[in-house]
Amino acid sequence: MKTEIMLDGVWRFQPDPFGEGEAFGYVASDFDDSRWREAMVPCVFDRCGEGMQGYEGAGWFRRIVNFIPCLLYTSDAADEE
């Protein structure tokens, strides 16, 4: 059974023109992104909000995705010989 999760919709977005996002902890799951702008995905940086026209640089997108975990087991008999 294959399940698909649609990832389009509203995401949190933060421009990172100086590449400091990782040092600031943007990657941490508990980082407070409440001051980030909202962006409708899919989008390009130029359309991710006011003042983004012509933007050059990195940007961070965040969204909480809920899913039901599953276990996938595969076996390749050739590897067992």
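Keeping to region 1-38, report how many residues are under 13 Å from the mean Cα position of the chain (by Cα), among the small types (G, A, S) and either part of a loop (DSSP other than H, G, I, E, B) or under 11 Å from F61 (Cα atoms) (or both).
2
What number of residues within region 11-20 satisfy the criterion of being free of Cβ contacts under 8 Å to residues at least 40 places away in the same chain and either of a type in the set (A, V, I, L, M) or under 20 Å from N66 (Cβ atoms) (or both)?
Total satisfying the criteria: 0.
Could you grab the pairs with beta carbons closer than 9 Å, sequence gap of 6+ or different chains, first residue in region 21-36 and at pLDDT 95 or above, second one open to solvent by 100 Å² or more (accessible area, probe 1.4 Å) and part of a loop (DSSP other than H, G, I, E, B)?
G21/V27
Considering only residues that are surrounded by 11 or more Cβ atoms within 10 Å (Cβ to Cβ) and either out of contact with any helix residue (DSSP H, G or I) (no Cβ under 9 Å at 6 or more places or on another chain) or without any contact (Cβ under 8 Å) to a residue 40 or more places away in the chain (or both), which ones fall in region 39-67?
Scanning region 39-67 gives A39, M40, V41, C43, F45, R47, C48, G49, M52, F61, R62, R63.
The values are calculated or read from the model by the stated rules, or taken from the named source; none is laboratory data. What you see is a predicted model, and the numbers here were worked out from it, not measured in a lab. Cβ sites come from the backbone with ideal geometry, for glycine too, and all protein chains shown count toward neighbours. Note: accessible area is taken over every heavy atom of the protein model, side chains too, but ligands, DNA and RNA are not part of it. Shrake-Rupley method; radii C 1.70, N 1.55, O 1.52, S 1.80 Å.
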